[in-house]
Amino acid sequence: MIYLVGIDLGGTFIKTAIVSHEGELIKKIEIPSEKEKGPDGVIANIIRSVRLAVSEAGTGTNAISAIGIGSPGPIDTKRGIVGRAINLPGWVNIPLRDRIQEVFDIPANLENDANAMAYAEYWKGAGRNAEIMLAYTLGTGVGGGIIIEGKLIRGATGCAGELGHMTIVPDGDLCPCGNRGCLEAYASANSLVRRTLEKIKQGANTILKEWIAEGKTLTSKLIDDARRSGDAFAGMVMREAGTYLGLGMSVVVAVLNPDVIVVGGGMMKAGEIFLEPAREEVKRRVFAEHSQNLKIVAAELGNDAGVIGAAGLLIERGIVP
């Protein structure tokens, strides 16, 4: 049998999997990225991870038909270049696809990691059979992807689907991208922490004050822990982030009229606390015809989405049949 390799490159870990042409996960491994070693060191670890995954799966390198890679940052998908990966020091204009292709002498493909997640959810997850699907990833930042009739929308320069960098508040909070008022500045884990801390300093009544005084670090998980313990303030700030998410969604819904929106990422461990206000905000802001059949649902594939999507996009692009 012939298999695909899917790689999910992150600032902390490299996830690598052997995946069947039908999307079945055969074997998945995870090793440290060691980003402090720079691009050459990380690429050496990517190569090592592929060899390790093949070895542990028992497939042999000859059984691998192609390698798909999902990477953070703006990606030149046509030339296989990582333009700029903020969380990987020194990663500017790195020809990652060709570096991997040359070592293994088989076809490789490079995509944005959020696009890989989006395609995985369309192919094997919560967006199966969707005609038009949007995907959001809520984590340190806010990523996105757009699938129309089975095709990933990459855009003229490979940068389509940056749903986290739509301006939703003119001249609003500063986003890490340098713009003000981006969705990421209002609906990411980092922004949730920052905005929560601002409200605490302004005198908000919450158990989080005590926890911080005890030496606990304020994280999105700690905020959710407070909500689950019955803290009304924590629930309010999380619902507020969900409302902003819905505000961003409503703009894209009005333009593309999707039938499914899938939301994944680490913050979705909190579940419906984000999705309920997002649904309400979308319904409030768009035509009834836009929202009446629209499903806004949690992603299904979790941490496997990146590797499955990176592999699946090899088929979507026609690199392998």
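One table, with the values for the structure above:
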item: Residues within the stretch 23-56 that are basic (K, R) and within 18 Å of L88 (Cβ to Cβ), tallied; result: 3
item: Given (1) under 20 Å from the mean Cα position of the chain (by Cα); (2) surrounded by 14 or more Cβ atoms within 10 Å (Cβ to Cβ); (3) not charged (D, E, K, R), index of the condition T12 fails; result: (2)
item: Residue check for V252: in a helix (DSSP H, G or I) and either under 22 Å from the mean Cα position of the chain (by Cα) or surrounded by fewer than 22 Cβ atoms within 10 Å (Cβ to Cβ) (or both); result: yes
item: Candidates I18, I31, I7 - the one that is surrounded by fewer than 18 Cβ atoms within 10 Å (Cβ to Cβ), modelled with pLDDT of 95 or more and part of a strand (DSSP E or B); result: I31
item: Subset of the stretch 305-321 that is part of a loop (DSSP other than H, G, I, E, B) and among the β-branched types (V, I, T) - its residue that is modelled with the lowest pLDDT; result: V320
item: Test result for I200, modelled with pLDDT of 95 or more, β-branched (V, I, T), buried (at least 16 other Cβ atoms within 10 Å of the Cβ) and not in a helix (DSSP H, G or I); result: no
item: Selected residue (criterion: nearest to M267 (Cα to Cα)) from residues of the stretch 132-160 that are in contact (Cβ under 8 Å) with a residue 40 or more places away in the chain, surrounded by fewer than 24 Cβ atoms within 10 Å (Cβ to Cβ) and small (G, A, S); result: G139
item: Conditions (1) within 17 Å of N303 (Cβ to Cβ); (2) assigned by TED's automatic domain parsing to the domain that holds V263; number of the one not met by D113; result: (2)
item: Residue match in the stretch 242-249 (condition: farther than 14 Å from K295 by Cα and of a type in the set (A, V, I, L, M, F, W, C)); result: yes
item: Where P95 falls short, out of the listed (1) buried (at least 19 other Cβ atoms within 10 Å of the Cβ); (2) modelled with pLDDT of 95 or more; (3) not charged (D, E, K, R); result: (1)
item: Per-region count, the stretch 2-42, residues touching a residue at least 40 places away in the same chain (Cβ under 8 Å) and at positive phi; result: 2
item: Test result for V262, within 20 Å of M133 (Cβ to Cβ), crowded, with 18+ Cβ neighbours inside 10 Å and of a type in the set (V, I, T); result: yes
item: Scan of the stretch 34-87 for residues that are closer than 25 Å to R154 by Cα, surrounded by 16 or more Cβ atoms within 10 Å (Cβ to Cβ) and either β-branched (V, I, T) or over 22 Å from the mean Cα position of the chain (by Cα) (or both), ordered by number; result: I43, I46, S65, A66, I67, I69, I75, T77, I81, V82
item: Residue in the stretch 126-143 that is modelled with pLDDT under 95, within 28 Å of H21 (Cα to Cα) and small (G, A, S) present; result: yes
item: Meets criteria (in contact (Cβ under 8 Å) with a residue 40 or more places away in the chain and out of contact with any Cys (no Cβ under 9 Å at 6 or more places or on another chain)) for S55; result: no
item: Residues being touching a Leu at 6+ places or on another chain (Cβ under 6 Å) and among the small types (G, A, S) - total across the stretch 163-198; result: 2
item: The stretch 279-304, subset touching a Ser or Thr at 6+ places or on another chain (Cβ under 7 Å) and part of a helix (DSSP H, G or I), residue nearest to T219 (Cα to Cα); result: E281
item: Residues located in the stretch 1-33, provided they are over 18 Å from D113 (Cα atoms) and touching a strand residue (DSSP E or B) at 6+ places or on another chain (Cβ under 9 Å); result: M1, I2, Y3, S20, H21, I26, K27
item: Criterion: touching a His at 6+ places or on another chain (Cβ under 9 Å) and small (G, A, S) - qualifying residue of S65, S33, S55, S49; result: S65
item: Criterion: closer than 22 Å to L134 by Cα and β-branched (V, I, T) - qualifying residue of V193, V253; result: V253
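The values are calculated or read from the model by the stated rules, or taken from the named source; none is laboratory data. Computed from a prediction, not measured in an experiment: that's the story for all the values here. Glycine gets a Cβ as well: all are built from the backbone with ideal geometry, and neighbour counts include every protein chain shown.
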